[in-house]
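The next block holds one structure in the form of structure tokens; read it before the comments.
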Amino acid sequence: MKKLLMLIAMTLCLGATGYAQDLRNSSNSFIGKIESDGTVRNSSNSYIGKISSSGDIRNSSNSFIGKLESSGTVRNASNSYIGKVESDGTVRNASNSYIGKVENDGTVRNSSNSCIGYAKGVKKEWAAIYFFFNFFK
């Protein structure tokens, strides 16, 4: 029982402090990370942007570059609709064409069903912003 309580306490502490989740390319090489607060870092651990809790997307200069709405709609800095991330991880562009999917296990696939990367533990919407909408490239 003591061990179980200690395990629960450790899990709660880790969850409360948060930790970064790796972003990897199709070769499983580390390309960056998204921290639990939405901070986006590149492979050199340099700050390259942030996705706020309200969905604002900002670059490393803190300039507003887009928005992820609660509905999954993605807009650029001019408020133009550029796509959508559906609740199942499906990603569509402004023409409603299927451009890929972030699967439950974090695998990111393009429209040809080829693996283009991994974002295990990263929110599907955030992974889609990184891999498909190029806000941080």
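Quick note: the coordinates plus some simple rules give every number you see, no bench work behind them. Because the structure is a prediction, the values reported are computed rather than measured. All Cβ positions, even for glycine, are placed from backbone atoms using ideal geometry, and neighbour counts span all protein chains on display.
So here's what we get for this one:
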read-out	value
Residue check for residue 122: under 13 Å from the mean Cα position of the chain (by Cα) and assigned to a loop (DSSP other than H, G, I, E, B)	yes
Neighbours by Cβ (under 8 Å, 6+ apart or cross-chain): first from segment 56-70, touching a residue at least 24 places away in the same chain (Cβ under 8 Å); second among the basic types (Lys, Arg)	57/50; 57/67; 65/58; 66/75
Subset tally (residues that are within 14 Å of residue 123 (Cα to Cα) and either in a strand (DSSP E or B) or among the acidic types (Asp, Glu) (or both)) for segment 47-67	2
Any pair with Cβ under 7 angstrom, 6 or more apart, that starts in segment 81-95 at a residue that is within 15 Å of residue 135 (Cβ to Cβ) and ends at one that is of a type in the set (D, E, K, R) and not in a strand (DSSP E or B)	85/124; 85/125
Residue in segment 85-100 that is part of a loop (DSSP other than H, G, I, E, B) and under 22 Å from residue 42 (Cα atoms) present	no
Total residues in segment 18-41, condition assigned to a strand (DSSP E or B), without any contact (Cβ under 8 Å) to a residue 40 or more places away in the chain and under 13 Å from the mean Cα position of the chain (by Cα)	3
First in segment 110-124 and farther than 13 Å from residue 91 by Cβ, second anywhere and surrounded by fewer than 17 Cβ atoms within 10 Å (Cβ to Cβ), Cβ under 7 Å, 6 or more apart	115/26; 118/28; 120/105
